[in-house]
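Enquirer: Following this message is one structure expressed as structure tokens.
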Amino acid sequence: MTGYFPNKVFLTLSLLASLCMVSSSASAQDKKGQLSTPGYAHREPSKPLPDGGPTPRLADGHPDFSGVWFKGLLGKEDATLVGSFGVLDPNQREFDPKVTPEEKPSFQPWAVEEIKQQQANLVAETRDPSSFDKLPREQKIAALDMEILKLSRNCMPHGVPGIVLNADRPFQFVSTPGLLVQLDEHNHDYRVVPTDARAHSQDPDPKFNGESVARWDGDTLVIDTVAIDERVWNGEQWQFHSDQEHVIERITRPSLNYLIYQVTIEDPKVLAKPWTSAPRRYSLGHEALLEWYCGVNGHDDEELQALKRQRDRLQAQK
Amino acid sequence: MKLHLANSLVIMTCVLALVCMVSVSAGAQQDKGQPSAPGYAGAGKAASKALSDGGPPPRLTDGHPDLSGIWFVGGLGKEDARLAQSAATQGDPAQRPFDPKVTPEEKPSFQPWAAEKVKQMGRGPAAGALSKMTKEQQLAAIDTEIARLERECMPHGVPGITLVGAMHGMQMVTAPGTLVQLTELNHDWRVVSIDGRAHSKEPDPKFNGESVARWDGDTLVIDTIGLDDRTWNDGGAWIHSDQQHVVERFSRPSRNYLIYQVTVEDPKVLTKPWVSAPHKFSLSVSSDPLNEWYCGINPDGDEEVRALKETRKRLAEEISKESSH
């Protein structure tokens, strides 16, 4: 029995961590009307940045997206504005579901079942760790497998569109005529997108960030991505996609201080219909990104090994 | 003995991997006078041809050279694995960062304590050597291997991001006022602002330190301090202190070539500043992007470390049992 104690601590910690991690998508998926203010920190409401003036432009006349971008309207991340569990200051949200509601992805029936099972496994041991001991062995193993999968993913790339949708931390764009570079603080990730309207290759190899091509549609950059490695998750609640996934991202910079990002995901094997996000708002910051190298600190690994040992022990009892 | 065999295999694999890993800096640290051409394993194959200069360097709208492009060590504009395999001997001269005959490069001059540490950390046991060692020696050798393998996903820092991190190609993106360096190895990046700003009073240590940069004519000069002392400067075990000060000079004399020269001052570790030879990089001849090389995704290295740790544990137990008798 004592063997479970440290695991319970780990599980509780990971639950907390995942709550923090999903806060953005949780807020993004609030039902219309659930919103929006009360319940978060007791202080003066935060103030959104002004528009800041006209959009800067590259030498070729297209909008220049360069800058460090934070979710929401504040141009920074203000931890003191984060209220209790998952309730963000509305000005730190990417969108206001009252104004621009966002539908949930519409999964195929088999995918719905799969997600339900995964969630059940998570709930089984993380929501109420004390009940873990009472579970039948098979369920314990399934629950541990889910936890192991989650932890193993900590250093995984987020892929496309996760590199934006799951970007818990700010990201930086550097654009030059013909190229867009995205640098992520979280996991110190990057991607490079040619913006020269080239076509996709015939049969691109799968990559975490897929194969992206991009063109300008007026002042909107349209990035089209295929061949995305199936191991990446589109979101915390969206754990899988197929090799048929096709992602179309639309990025604009309507003024100096704001960036708008909207993404459409087609995935005929997994989704019943294409999913389009709400237009998500990012605001210009003035601090350099921090160094966040995943895996340099070995704690997660220890935790992972402990869970794997526990799982193997249970498996051996069969 | 079975155990020893398995370990020897593991260690031999590590040594081979390391030989490949350090090939760039090995090339960079050839002694003066070592021949630069013959002896590499291109046996029967015509010597590779370095790229032409390709014309004048492209320039940014502000008139400074545009360093943008995907760059490979040496003069071929690509990494040629067949030629690189021979790096353990001499390497194709056209894939080397410099010709030691023409621009010799001194080795870093370490303080005695540092020289001893570098020797310990940087020297893996030769294949089969473990079985001839005492258990205590085996333990020490395994510890060194573990330390080295666990570093594989560590950032290379400055100047390691160029001296080591660029071994499979690097991409530079310059915009007015900004340089971005992206490496294929470990999917690493750094951003340098080129606006003539001064260093902060007391910068916090970071893997890539605090860099400030300015143009000196057509040369970009990057000055870096505040470096986290966990990084190694090269593919060996060039340890450094929190006092390390790095000055890098990038230029693009023609379209197809980038020249990188670095000076490292570190009064706690070196007896005198180290100045590299001018290292040559050439512009990719292909339109392919850098590959995705995310460290730690493939657990092989991890498994290896775990296997070594198990062996280490067994050895330590045996030693303690023997000493208690």
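Enquirer: Given the criteria touching a residue at least 24 places away in the same chain (Cβ under 8 Å) and closer than 30 Å to B:Gly55 by Cβ, does B:Ser241 qualify?
Expert: Values: touching a residue at least 24 places away in the same chain (Cβ under 8 Å): yes; closer than 30 Å to B:Gly55 by Cβ: no.
For B:Ser241, the condition - touching a residue at least 24 places away in the same chain (Cβ under 8 Å) and closer than 30 Å to B:Gly55 by Cβ - is not met.
Enquirer: In addition: Right, B:Ala175: more than 29 Å from A:Val193 (Cβ to Cβ), of a type in the set (A, V, I, L, M) and over 19 Å from the mean Cα position of the chain (by Cα) or not?
Expert: It is false that B:Ala175 is more than 29 Å from A:Val193 (Cβ to Cβ), of a type in the set (A, V, I, L, M) and over 19 Å from the mean Cα position of the chain (by Cα).
Enquirer: Output the residues belonging to the stretch A:208-231 that are at pLDDT below 95 and within 13 Å of chain B (Cβ to nearest Cβ). Full working, then the answer.
Expert: As a first pass, look at the stretch A:208-231 and keep what is at pLDDT below 95: A:208, A:229-231.
The answer is A:Phe208, A:Asp229, A:Arg231.
Enquirer: Another question, if that's okay. I need the full set of residues from the stretch A:262-318 which are modelled with pLDDT under 80, in a loop (DSSP other than H, G, I, E, B) and away from chain B (no Cβ under 14 Å), in order please. First the steps, then the outcome.
Expert: Of the residues in the stretch A:262-318, the ones modelled with pLDDT under 80 are A:294-318.
Remaining after also requiring in a loop (DSSP other than H, G, I, E, B): A:294-298, A:317-318.
Within the stretch A:262-318, A:Gln317, A:Lys318 meet the criteria.
Enquirer: Another question about this same structure. Quick test of your reading of the structure: A:Asn234 fulfils all but one of (1) of a type outside the set (D, E, K, R); (2) more than 10 Å from every other protein chain (Cβ to nearest Cβ); (3) closer than 30 Å to B:Asp66 by Cβ; (4) in contact with a strand residue (DSSP E or B) (Cβ under 8 Å, 6 or more places away or on another chain). Name the failing condition by number.
Expert: Here A:Asn234 clears every test but (3).
Enquirer: While we're on this one: How many residues are of a type in the set (D, E, K, R) and modelled with pLDDT of 70 or more if we restrict to the stretch B:281-308? Walk me through it before giving the result.
Expert: Residues of the stretch B:281-308 of a type in the set (D, E, K, R): B:288, B:292, B:300, B:302-304, B:306.
Now narrow it down to the ones that are modelled with pLDDT of 70 or more: B:288, B:292.
Residues flagged as of a type in the set (D, E, K, R) and modelled with pLDDT of 70 or more within the stretch B:281-308 amount to 2.
Enquirer: Let me ask something additional. Tell me, which residue of the stretch B:171-185 that is buried (at least 22 other Cβ atoms within 10 Å of the Cβ) and more than 9 Å from every other protein chain (Cβ to nearest Cβ) is nearest to B:Ala213 (Cα to Cα)?
Expert: Going through the qualifying residues, I end up with B:Gln181.
Enquirer: Same structure, new question: Please enumerate the residues belonging to the stretch B:61-76 that are small (Gly, Ala, Ser) and modelled with pLDDT of 95 or more. Walk me through how you get there before you give the answer.
Expert: Applying the first criterion (small (Gly, Ala, Ser)) to the stretch B:61-76 yields B:63, B:68-69, B:74-75.
Across the stretch B:61-76, the qualifying residues are B:Ser68, B:Gly69.
Enquirer: In the stretch B:200-227, how many are in a strand (DSSP E or B) and within 11 Å of chain A (Cβ to nearest Cβ)?
Expert: In the first step, residues of the stretch B:200-227 are kept if they are in a strand (DSSP E or B); the result is B:206, B:210-216, B:219-225, B:227.
Next, only the ones that are within 11 Å of chain A (Cβ to nearest Cβ) stay: B:206, B:210-211.
Total satisfying the criteria: 3.
Enquirer: Is there a residue in the stretch B:235-242 that is surrounded by fewer than 23 Cβ atoms within 10 Å (Cβ to Cβ), within 11 Å of chain A (Cβ to nearest Cβ) and at pLDDT below 95?
Expert: The first filter runs over the stretch B:235-242 and keeps only residues surrounded by fewer than 23 Cβ atoms within 10 Å (Cβ to Cβ), leaving B:236-237, B:239, B:241-242.
Of the ones still in play, those that are also within 11 Å of chain A (Cβ to nearest Cβ) are none.
Checking the stretch B:235-242: not a single residue is surrounded by fewer than 23 Cβ atoms within 10 Å (Cβ to Cβ), within 11 Å of chain A (Cβ to nearest Cβ) and at pLDDT below 95.
Enquirer: Out of B:Arg190, B:Arg249, B:Arg197, B:Arg230, I need the residue that is assigned to a strand (DSSP E or B) and surrounded by fewer than 18 Cβ atoms within 10 Å (Cβ to Cβ). Which one?
Expert: Working: B:Arg190 fails: surrounded by fewer than 18 Cβ atoms within 10 Å (Cβ to Cβ); B:Arg197 fails: assigned to a strand (DSSP E or B); B:Arg230 fails: assigned to a strand (DSSP E or B).
None of the others qualify; the one that does is B:Arg249.
Enquirer: In the stretch A:187-196, what count of residues is obtained for those that are closer than 23 Å to A:Asp219 by Cβ and either more than 9 Å from chain B (Cβ to nearest Cβ) or crowded, with 22+ Cβ neighbours inside 10 Å (or both)?
Expert: Total satisfying the criteria: 4.
To keep it simple, each residue is scored yes or no on (1) in contact with a His (Cβ under 7 Å, 6 or more places away or on another chain); (2) modelled with pLDDT of 85 or more; (3) not small (Gly, Ala, Ser).
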{"site": "A:Lys31", "(1), (2), (3)": "no, no, yes"}
{"site": "A:Gly39", "(1), (2), (3)": "no, no, no"}
{"site": "A:Asp51", "(1), (2), (3)": "no, yes, yes"}
{"site": "A:Pro54", "(1), (2), (3)": "no, yes, yes"}
{"site": "A:Pro63", "(1), (2), (3)": "no, yes, yes"}
{"site": "A:Lys71", "(1), (2), (3)": "no, yes, yes"}
{"site": "A:Pro90", "(1), (2), (3)": "no, no, yes"}
{"site": "A:Glu103", "(1), (2), (3)": "no, yes, yes"}
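Enquirer: Could you check how many residues of the stretch A:167-186 are more than 9 Å from chain B (Cβ to nearest Cβ), of a type outside the set (A, V, I, L, M, F, W, C) and under 23 Å from the mean Cα position of the chain (by Cα)?
Expert: Total satisfying the criteria: 7.
The values are calculated or read from the model by the stated rules, or taken from the named source; none is laboratory data. The structure displayed is predicted, hence computed values, not measured ones. Reconstructed Cβ throughout: ideal geometry from the backbone, glycine too, with neighbour counts over all protein chains shown.
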